[in-house]
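Accompanying notes for the structure given below.
The values are calculated or read from the model by the stated rules, or taken from the named source; none is laboratory data. The model shown is predicted, which means the values in this text are computed figures rather than measured ones. Here the Cβ positions follow ideal geometry from the backbone for every residue, glycine too, while neighbour counts run over all protein chains shown. Calculation scope for accessible area: heavy atoms of the full protein, side chains included, ligands and nucleic acids excluded. Shrake-Rupley method; radii C 1.70, N 1.55, O 1.52, S 1.80 Å.
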Amino acid sequence: MRTKLVAGNWKMNGGLASNQALLAAMIPALAGLTAAKFAVCAPYPYLAQVRQVLRGSNIACGAQDLCQFESGAYTGGVSAAMLLEFDCRYVIVGHSERRSVFGESDELVALKFAAAVKHRLTPILCVGETLAERESGVTETVVARQLDAVIGCCGSTALAQGVIAYEPVWAIGTGKTATPQEAQAVHATIRARIRAAADRRLADGQTILYGGSVKAANAGQLFAMPDVDGGLIGGASLVADEFIAICRAAQVARETVKA
Ligand code: PEP
């Protein structure tokens, strides 16, 4: 049975004082939740702080991006090895904001995924369609193209070493959430594609998160879907009570499956 994962994506938000307050509220609240996994993906300058504050807790540290190269003359780049020195376990790759604002291609995202896996960091690979693509009926084609770029570059076994986050672009930061049924339908397609590219065992074990305006109010229904293995949470991960409630929903969803 797959363990639910809830990862916060702080994006370009935070500050030393507000990070401290947020983590101080989260740590005791999540301490007893042993049936799910939790992480926060912080901006680079705060990784040292987050790593130190989270030490000994059940919340893992993650980053929001990495450079595809190992080291050298890549001004502004941050390598997988550097992230490991700050105890990062996860790194987001291919977030829609990286794709649309910073022009990252499927091929570049695949190289970043490969760099993470090579260093045993768990990449959280974001895939998802724009509103125009959904309305044109090409959601599955877009998501398949994004997945295939990684499979083509790294192989299907490497894909299984990462986490996939289905994040419809029209739902990110907009307050519009995919319905649990809409999310489930795409998640099932993603799992089927991995089954076809790899095998049933890898596909069944693959963690597939949903992201896009997840809140305390809708997390329970989304996480109850059979192929939704947790969430990648943006805005709500900056609000302690909201994020804690979302994490509790992941724990409850897991307990419900076990019962
Ligand atoms: C995200 O940034 O990955 C995200 C899902 O954002 P939000 O939850 O704010 O829609």
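Could you count how many residues in the stretch 67-96 are over 14 Å from LEU232 (Cβ atoms) and either within 16 Å of the ligand (Cβ to nearest atom) or of a type outside the set (S, T, N, Q) (or both)? Reasoning before the result, please.
We begin by selecting, within the stretch 67-96, every residue over 14 Å from LEU232 (Cβ atoms); these are 67-89.
With the extra rule that they be either within 16 Å of the ligand (Cβ to nearest atom) or of a type outside the set (S, T, N, Q) (or both), the set shrinks to 67, 69-70, 72-74, 76-78, 80-89.
Residues that pass the stated criteria total 19.
Given the structure, is GLY230 within 15 Å of the ligand (Cβ to nearest atom), open to solvent by 30 Å² or more (accessible area, probe 1.4 Å) and in contact (Cβ under 8 Å) with a residue 24 or more places away in the chain?
Values: within 15 Å of the ligand (Cβ to nearest atom): yes; open to solvent by 30 Å² or more (accessible area, probe 1.4 Å): no; in contact (Cβ under 8 Å) with a residue 24 or more places away in the chain: yes.
The answer is no for GLY230.
Anything in the stretch 233-249 that is more than 10 Å from the ligand (Cβ to nearest atom) and touching a Ser or Thr at 6+ places or on another chain (Cβ under 9 Å)? List them, or say none.
PHE243
Can you tell me which residues in the stretch 106-131 are within 16 Å of the ligand (Cβ to nearest atom) and of a type in the set (A, V, I, L, M)?
VAL109, ILE124, LEU125, VAL127, LEU131
Could you look through the stretch 189-215, keep only residues that are open to solvent by 40 Å² or more (accessible area, probe 1.4 Å) and among the aliphatic types (A, V, I, L, M), and pick out the one that is farthest from the ligand (Cβ to nearest atom)? Give the steps one after another, and end with the answer.
Our first condition is that a residue be open to solvent by 40 Å² or more (accessible area, probe 1.4 Å); within the stretch 189-215, this holds for 189, 192-193, 195-197, 199-201, 204-205, 215.
After this cut, where a residue has to be among the aliphatic types (A, V, I, L, M) as well, the list is 192, 196-197.
Working: ALA192: 23, ALA196: 27, ALA197: 25 Å.
Filtering first and then ranking leaves ALA196.
So, in the stretch 5-55, exactly how many residues are more than 16 Å from the ligand (Cβ to nearest atom), within 18 Å of GLY234 (Cα to Cα) and not in a helix (DSSP H, G or I)?
Total satisfying the criteria: 2.
How about the stretch 132-175: which of its residues are open to solvent by 20 Å² or more (accessible area, probe 1.4 Å) and within 14 Å of the ligand (Cβ to nearest atom)?
Here is the first cut: in the stretch 132-175, the residues open to solvent by 20 Å² or more (accessible area, probe 1.4 Å) are 132-138, 140-141, 145, 148-149, 151-157, 160-161, 169-170, 172-175.
Matches in the stretch 132-175: VAL169, TRP170, ILE172, GLY173, THR174, GLY175.
Among the residues of the stretch 74-114, write down those that are part of a helix (DSSP H, G or I), open to solvent by 70 Å² or more (accessible area, probe 1.4 Å) and under 20 Å from LEU47 (Cα atoms).
Of the residues in the stretch 74-114, the ones part of a helix (DSSP H, G or I) are 80-85, 96-101, 106-114.
Then keep just the ones that are open to solvent by 70 Å² or more (accessible area, probe 1.4 Å); that gives 82, 85, 100-101, 107, 111.
MET82, GLU85, listed by residue number.
So which pairs qualify, if the first residue must be in the stretch 234-250 and closer than 18 Å to GLY14 by Cβ and among the hydroxyl-bearing types (Ser, Thr, Tyr), the second must be more than 10 Å from the ligand (Cβ to nearest atom) and part of a helix (DSSP H, G or I), the Cβ gap must be under 6 Å, and the two must be at least 6 apart or on different chains?
Pairs that qualify, where the first residue is closer than 18 Å to GLY14 by Cβ and among the hydroxyl-bearing types (Ser, Thr, Tyr) and the partner is more than 10 Å from the ligand (Cβ to nearest atom) and part of a helix (DSSP H, G or I), are SER237/PHE243.
Scan the stretch 32-54 residue by residue and report those that are open to solvent by 50 Å² or more (accessible area, probe 1.4 Å) and in contact with a strand residue (DSSP E or B) (Cβ under 9 Å, 6 or more places away or on another chain).
Passing the criteria: LYS37, TYR44, ARG51.
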